[in-house]
Amino acid sequence: MKQLAINGGIPVRTEPFPEWPIRDEHERKAVQNVIEGGKWGYPEWEYVPRFEQHFAVYHDAKFGICFNSGTSALMGALWAAGVQAGDEVVLPAYTFIATAGAVIQLGALPVFADIESTTFHLDARSVDEHISARTKAVIAVHIGGRSADMSRLQGVCEYHSLALIEDAAQAWGAEWQSKRIGAFGDAGVFSFQSSKNITSGEGGIVLTNDEKLAQYCRSFCNCGRREDKPRYKHYYIGGNYRMTELQAAVLSAQFERYPNQLRIRQKNAAYLNTELAKIDGIVPINVDENVTSNAYHLFLLRYKRDYFDDVSKSRFIQALQAEGVPAHPGYTLPVYKQPVFVERLFGAQGKQDTTHPDYGNLHLPETENVCSEEGIWLTQNVLLGTKKDMQNIVEAFQKIKNNIQELSEVKNTAPGKNQSPCQNR
Ligand SMILES: Cc1ncc(COP(=O)(O)O)c(C=O)c1O
């Protein structure tokens with residue numbers, strides 16, 4: 001008789017993992033206050049500036065500027081750091097499209113450097129190799145909530161006099177060498193989109209210690225206005241990327257709950273790190289003593305098919321899902337392999353723009369390997385489960401390992417419906 005649930009066996013679990021977002025009376029009351037108070041957005045706002053301040057203080061940054069999304073916040077941070085049309089920006093391709101999209105929307109050119117297979121983060125050596133006379137900035141993405149190597153990336157940027165922007169869209173409260181990320185470089189950008197560990201459905205924020213950069217960011221976000229000038233005078237071309245009071249009210253409630261949730265995720269992740277590492281061929285992203293706090297937006301691991309009878313990653317994930325573990329294949333394409341990049345469809349209505357390099361011929365081996373072969377994610381809501389939930393996860397991995405011949409017998413590598421209940425972006 002077959003053992004694996006994908007083949008009709010009994011699944012390890014059928015109960016769902018914690019639902020996301022977690023919400024209660026705090027969100028309800030905050031939103032009700034805003035609705036009843038009648039001040040729903042700029043220029044009469046209270047929740048937005050208060051949240052900006054709380055979030056900046058939490059990350060040891062001097063200034064916070066709320067945006068309506070992480071994507072617009074990235075554009076604001078890049079613009080405020082001086083990135084303009086024709087400049088090159090070095091960044092990883094193992095990220096959400098917005099990291100590169102923000103660069104393109106400013107008319108600048110994304111230049112993709114490779115990642116380290118052991119961390120899924122930008123490799124400082126590869127960054128160095130991709131710097132040219134046109135390079136203006138580097139974007140470090142803290143993937144999954146774990147800080148990139150800020151010491152080395154800062155070193156490269158200082159050496160070449162480049163702006164360093166942190167894409168911390170997934171990394172609220174993460175630390176590198178006991179310092180919270182976000183204001184290591186010139187600016188850090190966070191997202192509050194619905195899958196994120198602190199969410200208002202949509203939203204973003206830029207953090208910085210640089211007063212001038214903060215002013216530019218605020219102006220970019222607010223139609224090119226200047227705070228010290230009359231409302232209908234416009235000094236730059238910005239947009240309306242402002243956050244509403246309703247969003248900030250929800251965030252204020254979410255943020256109160258955050259430290260406790262962070263502790264739970266970290267405790268559960270520590271258990272998974274230890275237990276899953278005991279299974280040959282499963283490699284949780286390595287423990288690095290410089291990463292003193294991991295926000296665990298994602299629990300990231302590497303799958304080594306050589307230890308699993310050459311069963312593909314997608315087949316292995318299907319088997320995990322059948323056992324009741326909502327594993328996710330993550331980004332299965334490097335950004336430069338997305339159709340828009342392969343064809344360079346960056347113009348209006350998707351018209352081709354050949355001023356960009358030919359991304360179709362780009363090949364970054366570590367990035368491609370993580371995308372197609374090794375990277376597996378568990379999403380943050382899973383990490384809010386109980387000890388028993390975590391034991392079930394380990395049990396499911398072990399069960400598949402013990403019965404791997406059931407998967408290798410059927411050489412079926414068709415991609416499955418690899419979706420987690422907490423849809424990641
Ligand atoms: C790494 C990364 N960068 C940027 C973004 C863009 O943020 P948003 O969806 O809030 O625009 C996201 C999230 O969606 C992300 O995960």
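The values are calculated or read from the model by the stated rules, or taken from the named source; none is laboratory data. Owing to the predicted nature of the structure, the values given are computational and were not obtained by experimental measurement. Virtual Cβ from ideal backbone geometry, glycine too; neighbours counted across all protein chains shown.
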In the set F299, F316, the lone residue that is of a type in the set (F, W, Y) and assigned to a strand (DSSP E or B) is F299
Note on the stretch 1-50: residues in contact (Cβ under 8 Å) with a residue 40 or more places away in the chain, within 15 Å of T244 (Cα to Cα) and in a loop (DSSP other than H, G, I, E, B) are K39, W40, G41, Y42, P43, W45, E46
Pairs returned, first residue in the stretch 51-69 that is on the phi < 0 side of the Ramachandran plot, second residue that is at pLDDT below 95, beta-carbon separation under 6 angstrom, 6 or more apart or interchain, are A61/A183
With criteria (1) in a helix (DSSP H, G or I); (2) farther than 15 Å from P334 by Cα; (3) under 14 Å from the mean Cα position of the chain (by Cα), A148 comes up short on (1)
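Each row is one residue, and each column tells you yes or no for (1) within 22 Å of the chain's Cα centre (by Cα); (2) more than 29 Å from P284 (Cβ to Cβ).
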residue: E27; (1), (2): no, yes
residue: G38; (1), (2): no, yes
residue: A77; (1), (2): yes, yes
residue: A80; (1), (2): yes, yes
residue: T99; (1), (2): yes, no
residue: E129; (1), (2): no, no
residue: K136; (1), (2): no, yes
If we keep only residues of the stretch 75-107 that are small (G, A, S) and away from the ligand (no atom under 15 Å from the Cβ), then the residue nearest to K179 (Cα to Cα) is A81
Taking the stretch 288-306 and the residues there that are out of contact with any strand residue (DSSP E or B) (no Cβ under 7 Å at 6 or more places or on another chain) and under 18 Å from N273 (Cα atoms), the one that is farthest from the ligand (Cβ to nearest atom) would be E289
Taking the stretch 110-121 and keeping only residues that are within 15 Å of the ligand (Cβ to nearest atom) and not β-branched (V, I, T), one is left with P110, F112, F120, H121
Flagged in the stretch 287-318 as within 22 Å of I115 (Cα to Cα) and of a type in the set (D, E), in numbering order, are D288, E289, D306
Looking across the stretch 384-425 at residues that are at pLDDT below 95 and of a type in the set (S, T, N, Q), the single one that is surrounded by the most Cβ atoms within 10 Å (Cβ to Cβ) is S420
Worksheet item: Out of curiosity, is D60 within 30 Å of V325 (Cβ to Cβ) and modelled with pLDDT of 95 or more?
Response: no
**Message:** Quick check on the stretch 65-74. Is at least one of its residues aromatic (F, W, Y), buried (at least 23 other Cβ atoms within 10 Å of the Cβ) and under 30 Å from Y258 (Cβ atoms)?
**Reply:** yes
**Message:** Looking at the structure I just gave you, is R23 over 21 Å from the mean Cα position of the chain (by Cα), under 30 Å from Q321 (Cα atoms) and surrounded by 13 or more Cβ atoms within 10 Å (Cβ to Cβ)?
**Reply:** yes
Of the residues in the stretch 170-191 that are within 16 Å of the ligand (Cβ to nearest atom) and either of a type in the set (A, V, I, L, M) or in contact with a Cys (Cβ under 6 Å, 6 or more places away or on another chain) (or both), the one that is farthest from G76 (Cα to Cα) is A174
Open item on the list: Can you find a residue that is at pLDDT below 95 and aliphatic (A, V, I, L, M) anywhere in the stretch 287-302?
Closed with: yes
When you look at D167, is it more than 14 Å from the chain's Cα centre (by Cα) and either more than 16 Å from the ligand (Cβ to nearest atom) or closer than 27 Å to A85 by Cα (or both), yes or no?
-> no
Those residues of the stretch 54-74 which are away from the ligand (no atom under 16 Å from the Cβ) and not in a helix (DSSP H, G or I) amount to H59, D60, A61, K62, F63
In the stretch 265-309, anything polar (S, T, N, Q) and within 21 Å of A168 (Cα to Cα) is listed as Q266, N286, N290, T292, S293, N294
Given (1) crowded, with 24+ Cβ neighbours inside 10 Å; (2) within 12 Å of the ligand (Cβ to nearest atom); (3) within 18 Å of Q247 (Cβ to Cβ), S194 misses just (1)
The residue that is farthest from the chain's Cα centre (by Cα), considering only those in the stretch 267-296 that are part of a helix (DSSP H, G or I) and surrounded by 18 or more Cβ atoms within 10 Å (Cβ to Cβ), is E275
Taking the stretch 122-152 and keeping only residues that are of a type in the set (A, V, I, L, M, F, W, C), more than 16 Å from the ligand (Cβ to nearest atom) and in contact with a helix residue (DSSP H, G or I) (Cβ under 7 Å, 6 or more places away or on another chain), one is left with A124, V127, I131
